[in-house]
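Let me begin by presenting the structure, written as structure tokens, before commenting on it.
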Amino acid sequence: MDKQHTDGNDTIVSYPTPYADVNAVLHDFAASLQALLGSHFRGMYLYGSLALGDFDPHSSDIDFIVVTDAELADDLFKGLQDLHERFDHSGSPWAGKIEAAYIPQDALQHTTATTACYPQVEKERPLFKGPLEIGWSFQRHTLREHGVRVVGPNPHQLFAPVDQSDLWQAADAIARKEWLERVDDPDWLGWARQRGSQSFVVLMLCRFLYTLDTGGVASKLVAARWVQRALGKRWSVLIECALAGQHESGEAPDSDMQDTIALIRYTVDQIEHHHRFGACPRLSSPS
């Protein structure tokens with residue numbers, strides 16, 4: 001997608017995506033960010049669904065990472081706040097649908113989340129400073145291996161390949177510590193029962209299982225279909241409901257919650273298999 005007008009690292013790619021309206025947004029952001037950040041700007045890259053191939057123009061967000069030369073000073077942070085606020089009030093159909101992170105190039109070397117805070121934008125949430133998320137290794141891998149260049153050097157030039165053990169550790173931290181150890185927590189259950197949240201958990205577990213078995217990272221849709229083929233009917237209906245329910249409101253039925261918790265336990269068991277035998281396990285059919 002980035003084969004046209006790419007003569008230099010400072011040149012904005014004409015067609016980073018197949019979507020003209022998305023490209024227009026990306027071009028405006030890239031030009032504005034280059035002007036605002038000046039020599040601190042290193043590159044801008046797409047990750048998430050636009051990089052992994054399951055972008056839906058009707059429901060997906062635009063996810064991008066901007067690489068900087070160092071942590072940004074307060075005046076530049078304020079400039080980023082103003083830039084994103086103007087966009088959110090611009091009337092663009094993509095207003096409120098941008099997810100972005102401004103990360104120093106050195107921080108791309110971090111194998112796990114840190115306490116350092118960087119400028120970030122989440123859907124319908126103004127720019128803030130926050131730490132790297134617990135699944136940072138998955139974002140790093142996606143950026144390096146699948147990231148779409150908007151402007152800047154090839155992402156392969158930014159940092160070394162992500163070790164598979166970093167991906168497994170991130171999957172373990174989320175599936176075990178964030179979810180399995182909280183299945184009796186009323187606050188977590190209240191969140192997880194929401195159809196969108198429950199679908200998110202199921203589809204992320206599919207991504208973890210895909211990574212455990214293949215060592216790679218796939219979109220939610222690709223990973224979901226892969227797990228359906230690998231594990232058969234035991235989880236097929238749950239996964240199909242999760243794919244359909246990603247943007248639905250209301251609560252998931254008790255049967256889906258029970259199956260979701262069972263899938264969390266199964267995924268953690270597979271991760272423990274890896275820790276025990278020191279190799280990526282082949283997925284086994286659950287009892």
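A few comments on the model shown:
- Between THR112 and ALA262, the C-beta separation translates, for a Förster distance of 30 Å, into a calculated FRET efficiency of about 0.60.
- Convex hull volume of the Cα atoms of the chain, normalised per residue: 137 Å³.
- Only Lys, Arg, Asp and Glu carry charge here, each on its Cβ (+1 for the first two, -1 for the last two); on that basis the chain has a dipole of about 820 debye about its Cα centre.
- Listed cross-link partners LYS78/LYS123; LYS78/LYS177; LYS97/LYS129; LYS129/LYS220; LYS78/LYS129 are compared with a 23 Å cut-off, the Cα-Cα value being larger for LYS78/LYS177; LYS129/LYS220.
- Length-normalised contact order for region 169-287 - Cα pairs under 8 Å, 6+ apart - percent: 35 percent
- Listed by number, the DSSP H helices of the chain that run 18 Å or longer by alpha-carbon position along their axis and have mean Kyte hydropathy of at least 0.0 are 20-37, 195-214.
- Taking a sphere under 10 Å around the Cβ of ALA218 and counting the other residues whose Cβ falls inside, with K and R at +1 and D and E at -1, yields a net charge of +2.
- 13 Å beta-carbon shell around PRO57, net charge (K/R +1, D/E -1): -3
Taken together, the values in this text are just the output of simple stated rules run on the coordinates, not laboratory data. Fair warning: this is a prediction, and the values are worked out from it, not measured in the lab. Here Cβ is always computed from backbone atoms with ideal geometry, including for glycine, and neighbour counts include all displayed protein chains.
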